[in-house]
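Undergrad: Before we start, here is the structure in question, set down as structure tokens.
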């Protein structure tokens with residue numbers, strides 16, 4: 001991915017524009033390419049930071065990804081915690097996710113964000129993970145887990 005920025009507007013864009021892009025892509029091609037784009041972003045972020053294979057510790061992963069994706073980074077979301085689960089997966093808790101800001105639905109909404117976390121945690125930990133998501137509702141679980149077992153992540157709407 002190019003690192004070129006716009007000289008006047010800089011590297012950020014509006015949340016509204018991002019949601020139109022995400023929703024449009026999902027309407028045309030379903031969630032798979034949006035999740036794949038997120039996975040690619042997450043893995044490349046870890047590579048850009050020189051952290052591939054760095055840790056499996058949930059607290060350290062939380063700290064590293066919060067610095068990159070939170071208020072002092074790209075502002076994708078605020079990470080509350082990432083904890084390792086007994087099945088080798090991770091429970092990710094976040095707020096103010098870009099995919100769900102101001103939204104609620106009977107269907108999952110966090111395809112890109114889920115992909116980013118699966119790609120990043122996979123690159124950091126060296127574990128092959130599979131992401132799953134749930135409808136966007138208060139405390140709705142999204143997950144990143146190994147093989148077919150399930151771990152949760154939560155992105156409650158504001």
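The numbers here are math on the coordinates, done by the rules we state, and not lab data. Just so we're clear, the structure is a prediction, and the values are computed from it rather than from any experiment. Neighbour counts run over all protein chains shown; Cβ positions are idealised from the backbone, glycine included.
Undergrad: If each of residue 9 and residue 71 carries a label point 7 Å out from its Cα toward its Cβ, how far apart are those two points in nm?
TA: Distance between label points: 2.7 nm.
Undergrad: Also, quick follow-up: Rounded, prolate or oblate: pick one for region 12-124, where a ≥ b ≥ c are the square roots of the eigenvalues of its C-alpha gyration tensor, a/c under 1.5 means rounded, and failing that, prolate if a/b is larger than b/c, else oblate.
TA: Because a/c hits 1.5 or more and a/b exceeds b/c, region 12-124 counts as prolate.
Undergrad: Also, I was wondering about something else. Would you mind computing, in nm to one decimal, how far apart the modelled labels at residue 30 and residue 59 are, each placed 7 Å from Cα along Cα→Cβ?
TA: Reported label-point gap for residue 30 and residue 59 is 4.1 nm.
Undergrad: Right, something else. Could you calculate the contour length gain from residue 48 to residue 130, that is, 0.36 nm times the residue separation minus the distance between their Cα atoms, to one decimal place in nm?
TA: Between residue 48 and residue 130, full extension yields 27.3 nm more.
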